[in-house]
1. Six or more apart or on different chains, Cβ atoms under 6 Å: show the pairs whose first residue is in region 26-50 and in contact (Cβ under 8 Å) with a residue 60 or more places away in the chain and whose second is basic (Lys, Arg) and assigned to a helix (DSSP H, G or I).
2. Out of (1) outside any helix (DSSP H, G or I); (2) surrounded by 12 or more Cβ atoms within 10 Å (Cβ to Cβ), the odd one out for residue 92 is which?
3. Residues in region 47-61: is at least one in contact with a Phe, Trp or Tyr (Cβ under 7 Å, 6 or more places away or on another chain), at pLDDT 80 or above and either crowded, with 20+ Cβ neighbours inside 10 Å or under 25 Å from residue 7 (Cβ atoms) (or both)?
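The values are calculated or read from the model by the stated rules, or taken from the named source; none is laboratory data. Keep in mind that what you see is a predicted model, and the values were worked out from it rather than measured. Please note: Cβ atoms are built from the backbone with ideal geometry, for glycine as well, and neighbour counts cover all protein chains shown.
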Amino acid sequence: VVTGDGARWIDPCVAERCPDAERVLDGFHIVSWMTDALDKVRKRLWNQARRDGDEKTMKRMRGVKYAVLKNPGDLTGRQEEAFESLRDTDPKGQLYRSWQPKELLRTLLKHPLEQARGELNRWVFRASHSRIPEIVELAKKIRRRRPDILRTIRLGYSNARPEASDNRIKATIRMAHGFHHVTNLIALVMLRCGGPDIRPPQPRT
């Protein structure tokens, strides 16, 4: 099994180097496609409101900038207040209609395969007919990657652990700034990421 994002260049590499591998996509990257598209919608609507001199819509757009990208359960109090007015953020409700498929896509990844298959088909159909350019374009990518997405749901693999290790290594490199030898950095990385729980002796009371 090979996990990763949806970049097209990965496919020929996997086919050449690992011809028997099954390609899956990390769930985080799948949702990030949707949040990127959602932010593009917000920016387009904000720019349109700025050109039209619509200060009210511009203010609302600024208020929901971060709220629309978060999961509803992770909102702060102020973001939750801004989120409640999401339906009326722009005159045609495009931002709210773009947020809905984001949540549908995020939740269907957690459902059993057959249920997710039907939900994904409906998601692609609705997104394709949304008349919101950014969401229509994303629907093409989701349709193209539908087999990989379903395989991801079936196998349940993700890049969470490797990416967590990668972040820990990056943090270690920042800590090691000023080391005279790279071997010291490598030793520190191995100490922090190697697995053994090494604790210094504690003084006796």
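1. If the second residue must be basic (Lys, Arg) and assigned to a helix (DSSP H, G or I), the pairs left are 31/106; 34/102; 38/102.
2. All conditions are met except number (2).
3. So the first thing to find is which residues in region 47-61 are in contact with a Phe, Trp or Tyr (Cβ under 7 Å, 6 or more places away or on another chain), and the list is 58, 61.
Filter once more, so that each one left must be at pLDDT 80 or above: 58, 61.
Then keep just the ones that are either crowded, with 20+ Cβ neighbours inside 10 Å or under 25 Å from residue 7 (Cβ atoms) (or both); that gives 61.
Yes; the residues of region 47-61 include at least one that is in contact with a Phe, Trp or Tyr (Cβ under 7 Å, 6 or more places away or on another chain), at pLDDT 80 or above and either crowded, with 20+ Cβ neighbours inside 10 Å or under 25 Å from residue 7 (Cβ atoms) (or both).
Residue-by-condition table, conditions (1) at pLDDT 90 or above; (2) closer than 27 Å to residue 7 by Cβ; (3) assigned to a loop (DSSP other than H, G, I, E, B):
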{"site": "121", "(1), (2), (3)": "yes, yes, no"}
{"site": "139", "(1), (2), (3)": "yes, yes, no"}
{"site": "142", "(1), (2), (3)": "yes, yes, no"}
{"site": "163", "(1), (2), (3)": "no, yes, no"}
{"site": "177", "(1), (2), (3)": "no, no, yes"}
{"site": "197", "(1), (2), (3)": "no, no, yes"}
{"site": "200", "(1), (2), (3)": "no, no, yes"}
{"site": "203", "(1), (2), (3)": "no, no, yes"}
